[in-house]
Amino acid sequence: MKTTKYDISVIIPIFNEEDSLELLVNRLIPVLKLLGSHEIIFVNDGSSDKSESILDAFGQECPNIIKVIHLRTNCGKSIALRCGFREASGELIVMMDADLQDNHEEIPKLVNYLRQNKLDMVTGWKFNRYDPASKRLPSRLFNYVVCRFSGLKIHDFNCGLKVMHHECLKDLRLYGQLHRFLVVLIARQGFKVGECKVEHSPRKYGHSKYGAKRIYEGLMDFLTIFFLTRYQQSPLYFFGFYGLLCFLFSFLYGAFFVGLHFFSLFTHYPQGHLSQHPLWLLSPVIFLAGIIFIFFGLIGELIYYIFSIQLNQNYIQRQVGFGQKSEKE
Ligand code: UDP
Ligand code: MG
């Protein structure tokens with residue numbers, strides 16, 4: 001991330017939103033003027049409509065305020081946000097959608113809420129949501145599951161409107177659809193997150209860019225986040241658990257059949273003989289699965305060990321007694 005130059009940077013990912021753009025800019029600029037120095041960074045995520053030329057025209061009209069990044073192809077909202085975050089130089093970063101569903105007038109409210117509650121990030125809570133039921137219901141389930149597993153008391157993890165301090169984004173690696181877990185990823189680094197109710201509007205132009213596959217993708221991404229946030233630094237703890245479970249199960253299962261075998265020898269009970277029970281073979285198979293689990297864990301440890309040298313993670317909040325240079329590195 002760049003050093004801070006503005007009070008606020010607004011990052012807006014765009015994928016085929018030609019009809020909304022003019023209204024969006026006209027609404028946004030007066031609101032941002034009240035909040036101090038600002039920049040708006042549009043990230044055109046490979047749009048195939050007129051968004052590209054409209055955005056270029058905005059950039060030429062207001063070169064000091066509006067900046068535009070064009071991606072070569074449609075890379076997804078996470079990558080678009082990531083490109084915008086990298087270029088942002090605001091003390092506070094606002095992210096919002098371009099489809100006019102997020103109300104621009106809620107930005108000052110979120111900024112005040114963040115400051116008053118001394119939070120590092122605040123996310124909008126679409127209390128009265130104007131989306132079809134086919135989107136609201138999976139979203140409810142998603143929020144319930146993420147809330148349970150993350151332990152964060154947030155009702156709406158995936159609201160497009162969020163405000164955060166620029167430090168929150170220093171060590172963030174968004175890809176795929178991980179923007180849905182932005183709050184979790186930031187909270188896991190120790191930043192204070194909260195939420196504030198915001199107004200939501202129905203989509204006025206165009207259509208949602210996400211269909212039913214968002215349920216499947218959300219589930220898979222959740223597994224990634226669950227794994228990364230809990231076991232990134234110790235993958236062997238995760239894989240080792242299942243490895244040991246396999247060993248235990250394999251031992252008990254094998255012991256039962258061996259016991260039965262000896263029982264059949266001493267009691268002349270032929271049905272207990274190992275040759276009568278091919279299922280005993282499951283025991284060595286499960287044992288092998290246990291070994292594979294442990295080895296996966298060890299490979300995970302090796303990968304983390306090698307890359308941990310490059311991971312400049314954002315753990316330090318502040319330091320005392322190191323002179324001026326020692327502020328948040
Ligand atoms: N978007 C994007 N790249 C994509 C899909 C969406 O930049 O591949 C942008 C889109 O233009 C909008 C925001 O992400 O500004 C949210 O998209 P959408 O409104 O379709 O999502 P929904 O509100 O249905 O969750
Ligand atoms: Mg939308």
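Derivation of every value follows stated rules applied to the coordinates shown; laboratory data play no part. This structure is a prediction, so every number in the text was calculated from the model and none was measured. Cβ atoms come from the backbone with ideal geometry, glycine included; neighbour counts cover every protein chain shown.
Starting from the Cα gyration tensor of the range 1-129, multiply each eigenvalue by 5, take the square root, and state the resulting semi-axes largest first in whole Å.
Working: eigenvalues 102, 52, 43 Å².
Calculated on Cα positions only, the semi-axes equal 23, 16, 15 Å.
Within the set LYS50/LYS197; LYS67/LYS135; LYS5/LYS126; LYS153/LYS197, which residue pairs have Cα atoms separated by over 23 Å? Could the numbers behind the result be given before it?
Numbers: LYS50/LYS197 33 Å; LYS67/LYS135 32 Å; LYS5/LYS126 31 Å; LYS153/LYS197 13 Å.
In this structure, LYS50/LYS197; LYS67/LYS135; LYS5/LYS126 lie more than 23 Å apart at Cα.
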Q: With a bin width of 5 angstrom, please list the P(r) values of the range 1-74 as percents of all Cα-Cα pairs, from the 0 bin to the one holding the largest distance.
A: 3, 16, 28, 25, 16, 9, 2
Q: Bin all alpha-carbon pair distances of the chain at 10 Å intervals from 0 and give each bin's fraction as a whole percent.
A: 5, 21, 27, 19, 11, 7, 5, 3, 1, 0
Q) Which residue fluctuates the most in the chain, going by a Gaussian network model with Cα springs under 10 Å, if the choices are ASN44, ASN26, ASN16? A) ASN26
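So between LEU244 and ILE291, what do we pick up on full extension, going 0.36 nm a residue minus the alpha carbon distance? Don't skip to the answer; put the middle values down first.
Values: separation 47, 0.36 × 47 = 16.92 nm, distance 0.87 nm.
Between LEU244 and ILE291, full extension yields an extra 16.0 nm.
Using R₀ = 30 Å, calculate the FRET efficiency as 1/(1 + (r/R₀)^6) where r is the Cβ-Cβ separation of ARG318 and ASP56; round to 0.05. Display every interim value, and only then the final one.
Numbers: r = 42 Å, r/R0 = 1.39.
So the FRET efficiency works out to roughly 0.10.
Taking only the C-alpha atoms, wrap a convex hull around the range 60-191 and report its volume per residue in Å³ as a whole number. The partial results should precede the final answer.
Values: hull volume 18.1 nm³, N = 132.
Normalising the Cα hull of the range 60-191 by residue number yields 137 Å³.
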**Q.** Compactness of the range 183-233 - radius of gyration and Dmax, Cα, Å
**A.** 15.4, 44
Q) Taking the Cα centre of the chain as the origin and placing charges on Cβ (Lys, Arg +1; Asp, Glu -1), which of GLY297, CYS147, THR267 is farthest toward the positive end of the dipole? A) THR267
Q: Specify the angular offset, from 0 to 90 degrees and rounded to the nearest 10, of the alpha carbon long axis of helix 21-33 from the longest principal axis of the alpha carbons in the chain.
A: 80
**Q.** Debye equation applied to the C-alpha atoms of the range 204-312, log10 I(q)/I(0) at 0.15, 0.16, 0.22 Å⁻¹
**A.** -0.80, -0.84, -1.09
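Provide, as a two-decimal number, the C-alpha radius of gyration of the range 128-287 over 2.2 N^0.38 Å, N being how many residues it has. Kindly include the intermediate steps, with their values, before the conclusion.
Values: Rg = 25.1 Å, N = 160, 2.2 N^0.38 = 15.1 Å.
My calculation over the Cα atoms of the range 128-287 gives 1.66.
Compute the FRET efficiency between LEU219 and HIS268 as 1/(1 + (r/R0)^6), taking r as their Cβ-Cβ distance and R0 = 51 Å, and round to the nearest 0.05. Can you show the working numbers first?
Details: r = 54 Å, r/R0 = 1.06.
Step by step, r from the Cβ atoms, then E = 0.40.
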Q. What FRET efficiency do you get for SER201 and THR73 if R0 is 25 Å and r is their Cβ-Cβ distance, rounded to the nearest 0.05?
A. 0.30
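State which stretch of the chain is the longest one without any exposed trypsin sites (Lys or Arg not before Pro), exposure meaning a DSSP loop state and at most 10 other Cβ atoms within 10 Å.
Working: sites that count: ARG72, LYS118, LYS153, ARG173, ARG318, LYS328.
It works out to 174-317.
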Q. What number comes out for the charge environment of SER89, summing +1 per Lys or Arg and -1 per Asp or Glu over other residues with Cβ under 11 Å away?
A. 0
Q.
How charged is the neighbourhood of SER150? Take every other residue with its Cβ under 11 Å from the Cβ of SER150, and add Lys/Arg as +1 and Asp/Glu as -1.
A. +4
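Among DSSP bridges having both ends in the range 1-155, what percentage is antiparallel? Round to the nearest 5. Spell out each step's value before the answer.
On the way: 0 of 17 bridges.
Looking only at bridges with both residues in the range 1-155, the antiparallel portion is about 0 percent.
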Q.
Please report Rg (one decimal) and Dmax (integer) in Å for the Cα set of the range 114-193.
A. 12.8, 36
